[in-house]
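What follows is one structure encoded as structure tokens, with my remarks underneath.
The values are calculated or read from the model by the stated rules, or taken from the named source; none is laboratory data. Everything quoted here is computed from the prediction, not taken from an experiment. All Cβ positions, even for glycine, are placed from backbone atoms using ideal geometry, and neighbour counts span all protein chains on display. Each accessible area value is taken on the protein alone, full model and side chains, heavy atoms only, with ligands, DNA and RNA left out. Shrake-Rupley method; radii C 1.70, N 1.55, O 1.52, S 1.80 Å.
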Protein chains: 2
Amino acid sequence: MATDRLSLIFAALADPTRRAILARLAEGEATVSELAEPFAISLPAISRHLKVLEHAGLISRSRTAQWRSSRLEAEPLREATEWMDRYRRFWDESFRRLDAHLRRLQENEESS
Amino acid sequence: MATDRLSLIFAALADPTRRAILARLAEGEATVSELAEPFAISLPAISRHLKVLEHAGLISRSRTAQWRSSRLEAEPLREATEWMDRYRRFWDESFRRLDAHLRRLQENEESS
DNA sequence: CGGTTAATTAACGGACGCGTTAAACATAGG
DNA sequence: CCTATGTTTAACGCGTCCGTTAATTAACCG
């Protein structure tokens, strides 16, 4: 079972429908029906997706009368990005330049 | 089936063992047995994890004699980070400051 | 050739993910 | 109270994921 937080976050993001829901929520809060509207899947399916997102901390929910509104909580995305940042030097050109620069400094240090 | 690239990447990252493998590969290439060593799971299980990582583009593999060496390919992490960057303004303080700054500029523009 | 080492493939089992439809629950409102 | 609306829960099917052990493939080496 994926019990750790990061696994929950990445697993939640691994589904295109859920990513689309997050994209929609970036424009503002929305009810379940509103979120379901663009998709050709049933309301219960959407309901489950929202539960997954909530469990990963990617959304929070509030109740007003019979409507349940979802709100984006991007903090987990920060966590995920932070994890990936360990690998930034493997792809980021500017990071590579910084790397080279630091190496040069190091060499000067050693040769002095 | 998760057929799109981003889903493959996030799904690959959703497993702690696979993330640990990537962490190990950040220190340099390694063979399957070397990668398996820290884990209490069988070699075939590791072999499958590597296949998942390769399918997501997160590693590439080469063969030397009977050894298969894996190498980190972080480009997919860049893609994933890029996707998350759309949400950066929802968590990043400096992004919020920039946002506020731009809004101020906008207001000055309008009132002139 | 025959044995050893490295790794993968095959076959299986159990858990989980994602969808469905039908039923239940919650709230508003005549 | 009864009904309409919004959403969730229940029960099920099916495919995939993750692990196992046993068998197979691949390459080296005495």
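Among the residues of region B:17-53, those identified as free of Cβ contacts under 8 Å to residues at least 12 places away in the same chain and within 12 Å of the chain's Cα centre (by Cα) are B:Arg19, B:Ala23. Residues in region B:30-39 that are of a type outside the set (Val, Ile, Thr) and either surrounded by fewer than 18 Cβ atoms within 10 Å (Cβ to Cβ) or within 10 Å of another protein chain (Cβ to nearest Cβ) (or both): 5 in all.
Where helices (runs of 4 or more DSSP H) fall wholly inside region A:36-112, the ranges with 2 or more residues that are more than 16 Å from DNA strand C (Cβ to nearest atom) are A:75-85, A:93-110. For region A:85-112, a residue qualifies if it is of a type in the set (Phe, Trp, Tyr) and surrounded by 15 or more Cβ atoms within 10 Å (Cβ to Cβ), and the qualifying residues are A:Tyr87, A:Phe90, A:Trp91. Evaluated against (1) among the acidic types (Asp, Glu); (2) more than 11 Å from chain B (Cβ to nearest Cβ); (3) under 22 Å from B:Gly57 (Cβ atoms), A:Glu93 falls short on exactly one condition, (2). Applying the set (1) within 16 Å of DNA strand D (Cβ to nearest atom); (2) farther than 22 Å from A:Leu25 by Cβ to B:Asp4 leaves exactly one unmet item: (2).
Please count how many residues of region B:42-61 are away from DNA strand D (no atom under 13 Å from the Cβ) and loosely packed, with under 12 Cβ neighbours inside 10 Å. Total meeting the criteria: 0.
Within region A:1-27, the set of residues being open to solvent by less than 30 Å² (accessible area, probe 1.4 Å), away from DNA strand C (no atom under 11 Å from the Cβ) and either farther than 18 Å from A:Thr81 by Cα or outside any helix (DSSP H, G or I) (or both) comprises A:Leu25, A:Ala26.
Are any of the residues in region B:58-67 farther than 25 Å from A:Ser94 by Cα, β-branched (Val, Ile, Thr) and within 14 Å of chain A (Cβ to nearest Cβ)? No: zero hits. The residues of region B:62-84 that are open to solvent by less than 80 Å² (accessible area, probe 1.4 Å) and among the basic types (Lys, Arg) amount to a single one, B:Arg78.
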